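One structure is given here, and the rest of the page talks about it.
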Amino acid sequence: MPVYAPAGCTGGTSHALGSGGSLAGSFARPDAGFLGNVLDVRTLHDGHTVRPAGLDLTSRAVTHDVETYGLRAACEGKSFASSGDSGLCAALTRLARDADLFRCEADLDGHHEGGQAHLTPEDAGAVARAPGARELLVTQAGPTLTPEAATARAAVSSGGPTATAREGRTYPV
């Protein structure tokens, strides 16, 4: 099965899995070969589109402190978009445009000086509202936020249906 990931991802992941270490900061290391021998790893890039079995998958490079992508999946007139792990950027608006379900992180409790590699709940709601996403699914609430508080704040900003992502639960599109 093909796996699409940023360039160099297999080396960092192989290193982390082999040493029990952290993935953070390890993506730039050369490929250790571990995952490359097991998976058909292909380099992901901005605007990359694949069409397995009638499902259109498109990636968009999003703002973060390492190479990161958001994803949009469309099939039979329905669409799902995911922010990935991102700060505010135009790519998020393109991903969320008219999505039936937009899964978006709400990691920061507030803005800080300098560039933002993550979103506040209000950012997530605004990104969902602007391009007309029909429903917002809030995920990745930061350490100073409860998932419920992040969702409530995002709902005020989005002005539309908003839910908290829960592990093991499915969300119809």
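Distance between the 7 Å Cα→Cβ label points at Glu76 and Asp109: 4.4 nm. Averaged over its residues, the stretch 74-124 has an accessible area of 42 Å² per residue, based on protein heavy atoms and a 1.4 Å probe. Using a cut-off of 14 Å between beta-carbons, work out the net charge of the residues near Ala96 (Lys and Arg +1, Asp and Glu -1, Ala96 not included). Computed value for this residue: +2. For Asp56 and Thr170, the difference between the fully extended length at 0.36 nm per residue and the C-alpha to C-alpha distance is 39.1 nm. Just the protein heavy atoms count here, and of the accessible area of the stretch 105-173 at 1.4 Å, carbon and sulfur take up 54 percent. Evaluating 6.51 cos²θ - 1.76 cosθ + 1.60 at θ = phi - 60° for every residue in the stretch 157-169, the Karplus couplings come out as 6, 7, x, x, x, 9, 9, 9, 5, 10, 4, x, 8 Hz, glycine and proline recorded as x. For Ala163, the amide hydrogen comes within under 5 Å of the amide hydrogens of Leu136, Leu137, Val138, counting only partners 5 or more places away or on other chains and with H modelled in the peptide plane. In this structure, the amide hydrogen of Val62, modeled 1.01 Å from its nitrogen in the peptide plane, lies closer than 5 angstrom to those of Thr68, Tyr69, Gly70, counting only residues at least 5 positions away or on a different chain. Scanning residues 5 or more positions from Leu119 or on other chains, those with amide H under 5 Å from its amide H are Ser86, Asp107, Leu108, with H placed 1.01 Å from N in the peptide plane. Phi angles across the stretch 117-127 convert, under the Karplus curve 6.51 cos²θ - 1.76 cosθ + 1.60 with θ = phi - 60°, into 3J(HN,Hα) values of 8, 9, 10, 7, x, 5, 4, 4, x, 5, 5 Hz, Gly and Pro given as x. For Gly142, neighbours were defined as the other residues whose beta-carbon sits under 11 Å from its Cβ, and their charges (Lys and Arg +1, Asp and Glu -1) total -3.
The values are calculated or read from the model by the stated rules, or taken from the named source; none is laboratory data. Remember, it's a predicted structure, so these values are computed and weren't measured experimentally. Every residue, glycine among them, receives a Cβ derived from its backbone with ideal geometry; neighbour counts consider all protein chains shown. Calculation scope for accessible area: heavy atoms of the full protein, side chains included, ligands and nucleic acids excluded. Shrake-Rupley method; radii C 1.70, N 1.55, O 1.52, S 1.80 Å.
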